[in-house]
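To keep things clear, I will list the structure first and then write my remarks on it.
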Amino acid sequence: MTDRPPLPPFTRETAAQKVQAAEDAWNTRDPHRVALAYSEDSVWRNRDTFLTGRAEIVAFLTGKWAREREYALRKDLWAFEGNRIAVRFQYESRDAGGQWWRSYGNELWEFDELGLMTRREASIDDVPIEEADRRIHGPRPDAERGRTLPLR
């Protein structure tokens with residue numbers, strides 16, 4: 001197995017790097033690439049869904065991005081300590097019927113010594129929005145890195 005730097009224990013700088021790396025990976029919408037950041041036996045709670053292991057993570061993300069079209073994500077570091085990071089995020093997507101959604105959430109992450117995420121707990125709420133109200137368009141441009149999104 002190879003390391004997935006940055007490694008714990010995290011500093012403010014390395015925790016922020018880990019969060020940005022996760023945002024960048026998720027914005028590829030490539031389930032196999034994203035799953036490599038998680039340990040082989042990683043456990044998740046995503047809303048009301050519970051998963052264990054990379055194969056289940058890949059299957060879950062494949063279905064997610066089939067339903068959540070034009071998915072674009074922003075993550076912000078909320079807190080960190082040792083091998084744990086707390087994140088808040090927003091993403092936008094549209095469903096098969098064309099309705100746009102903004103999803104607000106919080107994640108709790110725990111990492112092993114190799115920098116692989118062993119635990120992810122996500123609580124997420126969805127709000128319908130008009131296409132004209134979108135503010136997240138594709139991956140974050142370099143000029144926006146480190147900026148926090150407004151709550152509304």
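Some notes on this structure:
- Solvent-accessible area of Ser123, all protein chains in place: 60 Å² (probe radius 1.4 Å, heavy atoms, ligands and nucleic acids excluded).
- Reference-scaled alpha-carbon Rg (2.2 N^0.38 Å with N residues) for the stretch 26-148: 1.06
- Cleavage-rule hits, GluC sites (Glu not before Pro), the stretch 45-128, DSSP coil, Cβ neighbours within 10 Å at most 13: Glu113
- Length released on extending from Ala143 to Thr11, taking residue separation times 0.36 nm less the Cα-Cα span: 45.2 nm
- Rolling a 1.4 angstrom probe over the chain with all protein chains present gives an accessible area of which 51% lies on carbon and sulfur atoms.
- The Cα center of the stretch 103-152 and the Cα center of the stretch 35-51 differ in position by 16 Å.
- Taking all protein chains into account, the per residue accessible area for the stretch 81-152 stands at 57 Å² (1.4 Å probe).
- Stretch gain in nm, segment Glu113-Arg152, where the contour uses 0.36 nm per residue and the Cα spacing is subtracted: 10.4 nm
- Label zone at Arg69 (point 7 Å along Cα-to-Cβ), backbone N below 11 Å, the stretch 81-119: 94-100
- Average accessible area per residue (Å²) across the stretch 1-79 - probe 1.4 Å, nucleic acids and ligands excluded: 53
- Gain on full stretching of the segment that runs from Asn106 to Thr2 - 0.36 nm per residue minus C-alpha separation: 34.7 nm
- Of the whole protein surface, Lys75 contributes about 10 Å² of accessible area at a 1.4 Å probe radius.
The values are calculated or read from the model by the stated rules, or taken from the named source; none is laboratory data. Since we're looking at a predicted model, the values are computed, not measured. FYI the Cβ positions are ideal-geometry reconstructions off the backbone, even for glycines, and counts take in every protein chain you see. Heavy atoms of the whole protein, side chains included, go into the accessibility calculation; ligands, DNA and RNA do not. Shrake-Rupley method; radii C 1.70, N 1.55, O 1.52, S 1.80 Å.
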